[in-house]
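Trainee: A single structure is presented below for examination.
The values are calculated or read from the model by the stated rules, or taken from the named source; none is laboratory data. As the structure is a prediction and not an experimental result, all values here were calculated from the model. Cβ sites come from the backbone with ideal geometry, for glycine too, and all protein chains shown count toward neighbours. Just the protein is used for accessible areas: all its heavy atoms, side chains included, with ligands, DNA and RNA removed. Shrake-Rupley method; radii C 1.70, N 1.55, O 1.52, S 1.80 Å.
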Amino acid sequence: PAPGQCLRTFLRDLGWFGVKKGCDQGDCGACTVWLDGVPYHSCLVPAFRGAGHEITTIEGLASDGKLHKMQQAFLDAQAFQCGFCAAGMIMTAATFDAKAREDLRHMLKGNLCRCTGYHSIDDALHGVVNVEDEVAGVEACGRSLRNPFAESIVTGKAHYTLDVPAEGALHLKVLRSPHAHARITSIKRDKAMAVPGMVAVFTWEDVPRKLYSTATHEDHLVDPDDTYVLDNVLRFVGQRVAACVAETEAAAEEACRLIEVEYELLPAVFDPEIAMEPGAPILHEKSVAFRDNVYVDIHGELGSVEDGFRQADAIHEMTYSTSRVQHVHLETHGSLAWRGEDGRLHVRTSSQAPFIAKQKLCYLFGLYDRDVHVFTERIGGGFGGKQEMLIEDLCAHLTIATGRPVRFEYTREQEFTSARSRHPQILRFRTGVTTEGKIVAAELYIIGNTGAYGTHGLTVQMVSGFRGLTTYNAPYSKFTCDVVYTNIPTPGAYRGYGAPQSLFALEVHTEEIAVALGMDVIEFKRKNWSNVGDALIMAVALGEGREGKPQVVTTSALAECVDIGARAMGWYEKRGKLKDVPGKPHLRKGIGMAIAMHGTGIAGLDMGAASIKMNDDGSFNLLFGATDLGTGADTVLAQIAAETLGVPLNDMIVYASDTDFTPFDTGAYASSTTYVSGGAVLKAAEDVKRQILDHTARHMLHCSLEDLDLDDRRVLHRDGRSVTLEQVALHSLHQEDQHQIMATASHMSDISPPPFAAQFAEVTVDMETGQVTVDRLLMAVDCGIAINPITASGQVEGGMVQALGYAHCEEMRYDEQGSIVTRDFGSYHLYRANEMPELEVIFVETYEPSGPYGAKAVAEIPKDGVAPALASAIFDATGIHIREIPFTPERVWRAIYHQKS
Ligand code: FES
């Protein structure tokens, strides 16, 4: 090993890519390996200490061709979503003896998972089998079939973005701004270039001077072109100053330290309300911003909201605020670019939208579309954080400039300083109600802090407005919003996309109104929530940054979700009654609830495509442009095709997310993949089915098409005759009317049928310290038909726990100079296995006629209801409505203290 090298990087350099990197300081456990059978976080072990010891990585766990029993347990429980944490989890759990098994959750506290909520991992540790065996002739959809890549995930053979050899690649490191607002006056690179192994330093003078947006939206016009690849004006601490490429990572890092930069310091502003005041420092030129620091203001109104308020008996007005949190996908951003033998630029990357990333690269560097290839393999989580082009541009440009492959990977600290986050908002609701509890008018004003750049700034706040005003759908509604530039790192897309902010405010607000009216909170909400047949009246006024589409609620099981959830939680027995904890007078218990309505893709915008080719043996190659970030897309889309073609899942060979080989897809975001890309898969499969039946009818069974159907790998005639799909494939390819049975289809939808959910929470509040302990979370969700229930419940559990962090303990905090202080997993607290509340998910299915096999979305709705349900439970325990998240001990204690004083 090199001097100072840790065991993790040493093992990865040797090609043992099952050893993952999720952090750099022993916090996440993704790099766990054994030394002489004892688990260690290999990033904390100096590599030379491995000498003389037997080192076991996940690749060495199976023996004699048989999986280790813990690998099998993770496989059977499907104890992962993206799978990035699985190797480390298994390496830790496989060492547990009887004593360790007495407190499994505690023993796993050193291994983080950001996707699952630990529920399925707990199942694996207890030997629960969650996946179903495939049964011949039984439909694929609606069943918990195994992820086609599951075995490669539990054996460490799955290749995530940077799990490939990169011989000859240069390493890219970036010098970042220490100032929140500054102009570069000079950069000296001599000392940096003198570092042995240094190849080049690139500054703002060495890259195309083209404005663009890092957001990877299909319609780029919804984002402001306010960003340069490298700029001479720096607008947040952590912004790129210069890029160094070198033969080694260490040389590139050393060179970054030796670049000499002189800055002219500029005044900075961090508070969006101050940023809107006259005389505030201005971040961008007039041509970029709409009005000083207001990048855009949004207005949408239906009728005259003031007419509505005149019909109200009372008007309630309250202000709420939400904080900044991060995605914390365990796999950090990574890209590898190179010139192929074909002379083209190839980019292997961790992107949720490779097709749009490719468009951006072509635009920025003046490349022809045909000369660029962008693709993904396995991705270790994204949650919206990879719906941006944050690394591919530099990686590609430096590959073009140096002619060498270039590798670029964020550290965990850079994820916090320089990647994206959720927009913090200030939300003011004004709602008019009658004495009978009917909402007649609603007005929402939001100040959205878009940080230094406007990427996703418009569209996220549009979604906030839409969700905040359609969940209860008042007949008179008005939305206004100022999206404001400040000198904090730029927020972006994050799972939920504006809805978690506005639903927190909305649900606390409606509970406050119900209390003021003396009504039961559920009855007040029930009286007002959107129902089947309701037109979502703000849909036309608020498209996502473009002309909106009329939307009507087509299916909803919200009432059932609330009733079933309330019964399961004992709501009516506990609400308002379960206050004291015997023998502990400082503790109070409470139960709370909230509802949520989300969307399923973006109506009239998201587009997915798929193609299916029949092989000689009757199996199929399924190609689609969608990306599986841990959402289960590969499994679910294959199930849709398998059911349509009457074959087991195993017969679908999946290729995804590759601009050269798969059809186009706008990207994996907005809860769109099952519905939109799944719609494309369904159409392609139906076309292939028609071709199979047609060939069989005309050339093999000589019958009418209508007499045939597909099932169990066969074409069945109603008279009992049948041929196998293999026979059809061989006949059509090699014998008669020779042709390839295959089809390509595209799908987009003009509607976005909402999934619904009821979220319940139970908490214990320490009235002396403000500490809130979350005891139980239950979500009853209507996502249409769950195509793969175990994958869907993994999505809901994981989403709920991310939302729990948002509500309870996660917060990106900055010092007075705008420098983030929460830069690691020590200071930015994620829920760990030993801290988990009891979790429960109940699916209340409806059949959405516009979705493939009745499906709606499930990915984002779990993010919406946890914060307000916690607020509701804290209110039940303490009698205090807290209008700001997260509910840290300080914040809750202050609220209790102010109530007392
Ligand atoms: Fe655990 Fe993704 S499955 S981090």
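Trainee: Go over the candidates E797, E736 one by one and state the one that is acidic (D, E) and part of a helix (DSSP H, G or I).
Mentor: That would be E797, the only listed residue that is acidic (D, E) and part of a helix (DSSP H, G or I).
Trainee: Let me ask something else about it. Looking at L623, L605 in this structure, which one is over 24 Å from G496 (Cα atoms) and either surrounded by fewer than 24 Cβ atoms within 10 Å (Cβ to Cβ) or more than 16 Å from the ligand (Cβ to nearest atom) (or both)?
Mentor: L623
Trainee: Any idea which of T450, T435 is in contact (Cβ under 8 Å) with a residue 40 or more places away in the chain and either open to solvent by 10 Å² or more (accessible area, probe 1.4 Å) or part of a helix (DSSP H, G or I) (or both)?
Mentor: Criteria check complete, one pass: T435.
Trainee: Among the residues of the range 818-838, are any under 22 Å from S671 (Cα atoms) and crowded, with 20+ Cβ neighbours inside 10 Å? Steps first, please.
Mentor: Within the range 818-838, the subset under 22 Å from S671 (Cα atoms) is none.
Checked the range 818-838: no residue is under 22 Å from S671 (Cα atoms) and crowded, with 20+ Cβ neighbours inside 10 Å.
Trainee: In the range 1-21, how many residues are open to solvent by less than 30 Å² (accessible area, probe 1.4 Å) and either assigned to a helix (DSSP H, G or I) or in contact with a Phe, Trp or Tyr (Cβ under 7 Å, 6 or more places away or on another chain) (or both)?
Mentor: Number of matching residues: 4.
Trainee: Select, from T399, T376, the only residue that is open to solvent by less than 20 Å² (accessible area, probe 1.4 Å) and within 16 Å of the ligand (Cβ to nearest atom).
Mentor: Going through T399, T376 in turn, the sole match is T376.
Trainee: Consider V294 carefully, then state whether it is crowded, with 19+ Cβ neighbours inside 10 Å and either in contact (Cβ under 8 Å) with a residue 40 or more places away in the chain or farther than 30 Å from A668 by Cβ (or both).
Mentor: Considered against the rule, which asks whether it is crowded, with 19+ Cβ neighbours inside 10 Å and either in contact (Cβ under 8 Å) with a residue 40 or more places away in the chain or farther than 30 Å from A668 by Cβ (or both), V294 comes out as no.
Trainee: Moving to a separate point now. In the range 402-425, which residue that is open to solvent by 20 Å² or more (accessible area, probe 1.4 Å) and in a strand (DSSP E or B) is nearest to C362 (Cα to Cα)?
Mentor: So, considering only residues that are open to solvent by 20 Å² or more (accessible area, probe 1.4 Å) and in a strand (DSSP E or B), the one nearest to C362 (Cα to Cα) is R407.
Trainee: If you check every pair at least six apart or on different chains, which have Cβ atoms under 7 Å apart with a residue in the range 729-754 that is under 30 Å from G667 (Cα atoms) first and a residue that is outside any helix (DSSP H, G or I) and open to solvent by 70 Å² or more (accessible area, probe 1.4 Å) second?
Mentor: Every condition considered, the pairs that remain are D750/K549.
So that you can scan it fast, the table gives a plain yes or no per residue for (1) among the basic types (K, R); (2) within 27 Å of the chain's Cα centre (by Cα):
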| position | (1), (2) |
| --- | --- |
| L266 | no, no |
| P281 | no, no |
| N293 | no, no |
| H299 | no, no |
| H327 | no, yes |
| G340 | no, no |
| R344 | yes, no |
| R348 | yes, yes |
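Trainee: State which residue is nearest to G300 (Cα to Cα) when the search covers only the range 500-539 and only residues that are of a type in the set (F, W, Y) and part of a helix (DSSP H, G or I).
Mentor: The residue in question is F504.
Trainee: State which residue is farthest from R8 (Cα to Cα) when the search covers only the range 69-95 and only residues that are touching a residue at least 60 places away in the same chain (Cβ under 8 Å), within 14 Å of the ligand (Cβ to nearest atom) and in contact with a Leu (Cβ under 8 Å, 6 or more places away or on another chain).
Mentor: Among those residues, the one meeting the criterion is L75.
Trainee: Considering each residue of the range 40-76, count those that are closer than 24 Å to D122 by Cβ, open to solvent by 80 Å² or more (accessible area, probe 1.4 Å), of a type outside the set (D, E, K, R) and part of a helix (DSSP H, G or I), and give that number.
Mentor: Final tally of qualifying residues: 0.
Trainee: Among D163, D122, D133, which is the only one that is crowded, with 21+ Cβ neighbours inside 10 Å and touching a Lys or Arg at 6+ places or on another chain (Cβ under 9 Å)?
Mentor: Residue meeting the stated conditions: D163.
Conditions (1) within 19 Å of A786 (Cβ to Cβ); (2) among the aliphatic types (A, V, I, L, M), marked per residue:
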| position | (1), (2) |
| --- | --- |
| Y655 | no, no |
| D660 | no, no |
| F664 | no, no |
| V676 | yes, yes |
| G679 | yes, no |
| K689 | no, no |
| T696 | no, no |
| R713 | no, no |
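Trainee: Is there a residue being within 30 Å of Q771 (Cα to Cα) and surrounded by fewer than 24 Cβ atoms within 10 Å (Cβ to Cβ) anywhere in the range 842-859?
Mentor: Checked against the condition, which is being within 30 Å of Q771 (Cα to Cα) and surrounded by fewer than 24 Cβ atoms within 10 Å (Cβ to Cβ), the range 842-859 yields at least one hit.
Trainee: If I ask for residues that are under 15 Å from D76 (Cβ atoms) and within 15 Å of the ligand (Cβ to nearest atom), which ones from the range 106-130 would you list? Write out each step before concluding.
Mentor: Of the residues in the range 106-130, the ones under 15 Å from D76 (Cβ atoms) are 116, 119-130.
Matches in the range 106-130: T116, H119, S120, I121, D122, D123, A124, L125, N130.
Trainee: Scan the range 426-447 for residues that are within 16 Å of G300 (Cα to Cα) and among the small types (G, A, S) and jot them down.
Mentor: Result: A441, A442.
Trainee: Can you tell me which residue is farthest from the chain's Cα centre (by Cα) among those in the range 626-655 that are part of a strand (DSSP E or B) and either modelled with pLDDT under 95 or surrounded by fewer than 22 Cβ atoms within 10 Å (Cβ to Cβ) (or both)?
Mentor: I653
Trainee: So, in the range 19-55, exactly how many residues are away from the ligand (no atom under 16 Å from the Cβ) and more than 17 Å from F825 (Cβ to Cβ)?
Mentor: Residues flagged as away from the ligand (no atom under 16 Å from the Cβ) and more than 17 Å from F825 (Cβ to Cβ) within the range 19-55 amount to 19.
Trainee: From the list I612, I564, pick out the single residue that is among the hydrophobic types (A, V, I, L, M, F, W, C) and open to solvent by less than 10 Å² (accessible area, probe 1.4 Å).
Mentor: Being among the hydrophobic types (A, V, I, L, M, F, W, C) and open to solvent by less than 10 Å² (accessible area, probe 1.4 Å) holds for just one of I612, I564, which is I612.
Trainee: Can you tell me which residue within the range 860-891, out of those that are among the β-branched types (V, I, T) and surrounded by fewer than 24 Cβ atoms within 10 Å (Cβ to Cβ), is farthest from I602 (Cα to Cα)?
Mentor: Step one: filter the range 860-891 for residues among the β-branched types (V, I, T), giving 861, 866, 874, 878, 880, 882, 885, 888.
Now drop any that are not surrounded by fewer than 24 Cβ atoms within 10 Å (Cβ to Cβ), which leaves 878, 880, 882, 888.
Details: T878: 40, I880: 37, I882: 32, T888: 34 Å.
Among those that are among the β-branched types (V, I, T) and surrounded by fewer than 24 Cβ atoms within 10 Å (Cβ to Cβ), it is T878.
Trainee: For the range 179-232, give me the residue count where each residue is of a type in the set (F, W, Y) and more than 30 Å from F664 (Cβ to Cβ).
Mentor: 2
Trainee: Which one of I785, I790 is open to solvent by 20 Å² or more (accessible area, probe 1.4 Å), hydrophobic (A, V, I, L, M, F, W, C) and out of contact with any strand residue (DSSP E or B) (no Cβ under 9 Å at 6 or more places or on another chain)?
Mentor: The conditions single out I790.
Trainee: Still on this model: Scan the range 181-209 for residues that are among the polar types (S, T, N, Q) and either open to solvent by 60 Å² or more (accessible area, probe 1.4 Å) or in a loop (DSSP other than H, G, I, E, B) (or both) and jot them down. Break it down stepwise before answering.
Mentor: First pass over the range 181-209, keeping only residues among the polar types (S, T, N, Q): 185-186, 203.
Of everything in the range 181-209, those that are among the polar types (S, T, N, Q) and either open to solvent by 60 Å² or more (accessible area, probe 1.4 Å) or in a loop (DSSP other than H, G, I, E, B) (or both) turn out to be T185, T203.
Trainee: Quick check on my filter: what residues within the range 562-584 are in a helix (DSSP H, G or I) and of a type in the set (G, A, S)?
Mentor: Selection gives G565, A566, A568.
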